[in-house]
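Okay, structure first, notes after.
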Amino acid sequence: MASLQTLMQDYDQHLTRLEELRGLLEERRAAARADLAAAVAAGSATLAALASRQSTAVEAALARMDRGLYGTCLRCGAFIPYGVLRRVPHEQLCPECGQAGEIPAPRTALVGASGGGRPEAAVPPGQGQGIEAGNGP
Ligand SMILES: [Zn+2]
């Protein structure tokens, strides 16, 4: 049963990729929370709103992953290519629907990140304590 073996290999690869993307999402969630704390500490409502939106998008992606819906287009249901998810793990639309531009995404904020260098917040760590404290159970 070579076909079954192929299926199993595909499934294994799928699971491996999902785990990798979950790791990316968790990194992004941590980064978004740190950005939010830094923005609040700096008193920037604009940056705080941006970081909050990013955090919400990543949380939603993790929730979809838990429900087994992750990686499909919210609009047409098509699979979002792995390469796209590697770059934007919380992407909710396939490239076609994304180009249609129904849900305005903060593209301008992401364009500069193509080189891999993500600008870090210019606020020293340790100033996010107030936010973390409010997040407890
Ligand atoms: Zn689509």
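We did not get these values from a lab; they are worked out from the coordinates using the rules stated. Computed from a prediction, not measured in an experiment: that's the story for all the values here. Don't worry about glycine lacking a Cβ; one is built from the backbone with ideal geometry, like all the others, and counts go over all protein chains shown.
Overview of results
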quantity	calculated
Residue-by-residue Karplus 3J(HN,Hα) for segment 27-39, coefficients 6.51, -1.76, 1.60, Hz, glycine and proline x	4, 5, 5, 4, 5, 5, 5, 5, 4, 5, 4, 5, 5
3J(HN,Hα) from dihedral phi, segment 50-58, Karplus parametrisation 6.51/-1.76/1.60, rounded to Hz, x for glycine, proline	5, 5, 5, 5, 4, 4, 4, 5, 5
Relative packing of peptides 42-49, 54-61, 3-10 - highest average C-beta neighbours within 10 Å first	54-61, 42-49, 3-10
Nonlocal amide H pairs with Thr72, under 5 Å, H built at 1.01 Å	Ile80
DSSP-assigned coil residues among trypsin sites (Lys or Arg not before Pro) in segment 1-92, each with at most 11 further Cβ atoms within 10 Å	Arg67
Segment Ala78-Tyr11, length gained on full extension (0.36 nm per residue, minus Cα span)	22.3 nm
